[in-house]
1. From the list Arg95, Arg18, which one is in contact with a His (Cβ under 9 Å, 6 or more places away or on another chain), in a loop (DSSP other than H, G, I, E, B), touching a residue at least 24 places away in the same chain (Cβ under 8 Å) and basic (Lys, Arg)?
2. Residues of segment 443-476 being within 24 Å of the chain's Cα centre (by Cα), aromatic (Phe, Trp, Tyr) and in a loop (DSSP other than H, G, I, E, B), which ones?
3. If you take the residues in segment 40-87 that are in a loop (DSSP other than H, G, I, E, B) and among the acidic types (Asp, Glu), which one is nearest to the chain's Cα centre (by Cα)?
4. Would you mind stating whether Glu13 is buried (at least 23 other Cβ atoms within 10 Å of the Cβ), touching a residue at least 24 places away in the same chain (Cβ under 8 Å) and of a type in the set (Asp, Glu)?
5. Out of curiosity, is Asp533 in a helix (DSSP H, G or I) and in contact with a Phe, Trp or Tyr (Cβ under 8 Å, 6 or more places away or on another chain)?
6. Taking the stated definitions as given, is Arg97 modelled with pLDDT under 95 and within 30 Å of Glu13 (Cβ to Cβ)?
7. Inside segment 185-203, can you point out the residues that are buried (at least 23 other Cβ atoms within 10 Å of the Cβ) and either out of contact with any helix residue (DSSP H, G or I) (no Cβ under 9 Å at 6 or more places or on another chain) or among the acidic types (Asp, Glu) (or both)?
8. Tell me, which residue of segment 91-140 that is out of contact with any helix residue (DSSP H, G or I) (no Cβ under 9 Å at 6 or more places or on another chain) and of a type in the set (Asp, Glu) is nearest to Phe151 (Cα to Cα)?
Amino acid sequence: MCGITGWVDTRGEVHKRRIAKMCQSLAHRGPDGQGVWVDPLGTAGLGHRRLAIIDLSGAAAQPMPNETDDLWLVFNGEIYNFIKLRKGLETAGHRFRSRTDSEVILHGFEEWGLNGLLGRLNGMFAFALWDSDRQELHLVRDRIGIKPLYFAALPGGGLIFGSQPRALLEHPGLGRAVDPEGLQGYLAYGYVPHERTMFKGMHKLRPGHILTWRAGEYTVRRWWELQYAPQGSRSSRAAVVEAVRDRIPDAVRLRMVADVPVGSFLSGGVDSSTVTALAVRGAGSGFDTFCVGFDSGGKDDVRYARLVSERLGSRHHEAVMDGAKTRELLPEMAEVLDEPLYDPSALATWILAGLARQHVTVALSGTGGDEAFAGYGWFASQILYARRRATLGPLAGPLGAVVRALAAALRGTPVGMRAPGALKLFGRNQMERSFPIRGFLDSWEMRRLLTGRFAQVPEGAHLWVHERTWRPGWPLVPAILNHDLNAFLPDNCLVLLDRTTMAHGLESRVPLLDHRLVEELFRLPWEELSSGDGEKRLLKEAAHGLVPDEVLARPKAGFSPPFKVWLREGELDGLYRGLLGGALAEDGVIEPAFVGQLIRRRGLRRWNKLWMLLNLEWWYRRWIRNEPAGRGAAA
């Protein structure tokens with residue numbers, strides 16, 4: 001696990017000093033070393049920060065060349081089946097100089113080409129491959145989007161890239177301006193979706209995509225896409241459960257391979273408990289587990305995690321968060337994330353990662369279990385409203401038109417602040433009906449919150465991601481899953497996990513997102529996977545006998561600090577006041593009076609909206625104003 005960066009330019013202006021500076025900004029991702037290489041023609045430069053996990057020797061250092069120095073690689077991630085691939089490549093005549101998985105990518109590219117290589121890889125990865133002979137750069141991101149990769153085109157045909165936005169911001173060709181569409185995405189969803197970022201001119205490479213740059217131009221294409229392809233009910237329920245029960249242990253086993261200590265996050269939920277139980281089974285005694293609890297609410301996580309640890313015999317470690325300390329922590333989180341995230345579990349994961357890094361270098365995580373096994377409450381909510389709508393029959397259309405017109409007329413009034421909730425039932429399509437359940441600010445609210453050039457918000461802008469990920473021909477449950485796996489998971493959950501763990505030099509691995517498992521789940525009729533109630537029935541059946549019954553029967557609880565309790569109790573009142581008179585208001589980005597309307601009135605998800613705006617404020621101060629951490633709204 002590492003940090004990568006680079007720069008290509010047809011004019012031959014690439015130089016080591018700039019690459020080194022970009023690389024240094026990622027030092028937290030790779031505390032074990034730095035490497036920089038620049039092509040003799042000055043057309044390409046690659047930088048690498050190393051976190052040594054497999055093959056701790058200097059032979060595994062990057063940027064890494066092939067034997068003839070015409071291919072150069074920087075790689076972030078892990079290839080879990082690299083030993084098998086290596087044996088096949090050695091049989092074909094390739095000779096390796098290291099024991100690392102990185103070198104498999106170089107030889108695999110030579111042997112099979114890019115498409116042939118990617119189809120064989122099982123892992124999490126983002127890598128850059130420079131082909132000197134063709135003067136061609138390939139940027140590649142893994143299927144699910146576990147590892148991040150950002151890029152920006154420069155004037156004159158150049159291109160820069162890096163594992164985090166901060167690396168690109170070290171290049172003088174890219175400024176620190178807010179991207180209006182990225183801002184709209186964040187306000188709508190609480191994360192920045194798809195290829196958008198919060199920085200004007202910067203983009204994400206989407207999961208399962210390849211960017212190829214040559215002669216000053218680049219193209220992006222998809223190399224993997226998840227398909228819902230149910231194969232019918234040819235197998236008994238017992239056979240379906242057994243197939244999942246076989247697949248998950250293999251995914252965990254592959255992710256236990258390391259030359260450094262491995263532990264596991266353990267929240268006491270079914271996802272992390274299943275992963276941890278299988279890891280302990282493979283590791284034996286002395287396996288470390290880690291949990292975070294909260295001073296108000298959330299204590300069940302600690303209780304259930306202790307229960308699982310005691311049953312498994314792990315060495316268990318705990319930390320506790322409280323509201324008062326959050327005031328000091330939140331500006332630091334803006335430094336860690338370098339793009340705003342609403343998700344309050346980032347705080348808990350940051351604390352958890354710091355605790356784990358004191359004992360291990362790799363931590364397994366249950367992240368992805370909810371997306372793969374349909375474990376969120378919004379499944380139940382959307383199915384409930386779909387059934388209610390069905391009972392209206394032919395009345396649903398004309399009645400919906402009346403309700404929408406009434407809601408539009410009432411917008412801006414105290415009653416109208418809750419009007420979007422009516423769209424859960426009466427929206428024109430499923431995308432419009434889903435947004436009030438999962439979204440934050442719609443286009444109307446954004447136009448009133450934002451000022452100046454940012455207030456130019458197209459009608460329906462808040463539905464942009466749903467339009468990109470929705471599959472109208474699919475049943476409702478797999479259609480929601482597709483949205484989660486293509487937007488919420490890579491752009492929220494995995495960004496959160498990557499930033500908070502790598503900030504401590506800790507590698508996180510996510511067995512429940514093994515692509516073979518995810519593909520297998522999408523070959524099941526959706527009724528085999530979930531009844532649509534968010535209970536993860538199939539996973540719980542597969543985990544029976546492995547995880548304590550108390551955990552399987554436990555109601556779902558999110559891994560988040562009780563920020564609503566803190567806000568209501570006044571612990572964050574100063575932060576609220578800081579937002580109203582903060583940098584966003586001062587620089588003419590938001591209208592403070594409308595913030596007051598959002599929070600004071602009983603508008604939909606008002607506390608969540610406040611939390612989202614607070615995170616935006618801290619991010620803006622640190623990354624647009626470029627103020628040092630600690631001088632934000634919490635100061």
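The values are calculated or read from the model by the stated rules, or taken from the named source; none is laboratory data. Here the structure is a predicted model, which means the values were calculated and not measured. FYI the Cβ positions are ideal-geometry reconstructions off the backbone, even for glycines, and counts take in every protein chain you see.
1. The unique qualifying residue is Arg95.
2. Hit for segment 443-476 is Trp470, nothing else.
3. Selected residue: Asp55.
4. no
5. Against the criterion (in a helix (DSSP H, G or I) and in contact with a Phe, Trp or Tyr (Cβ under 8 Å, 6 or more places away or on another chain)), Asp533 does not qualify.
6. Here the answer is no, as Arg97 does not meet what is asked.
7. Within segment 185-203, none qualify.
8. Glu136
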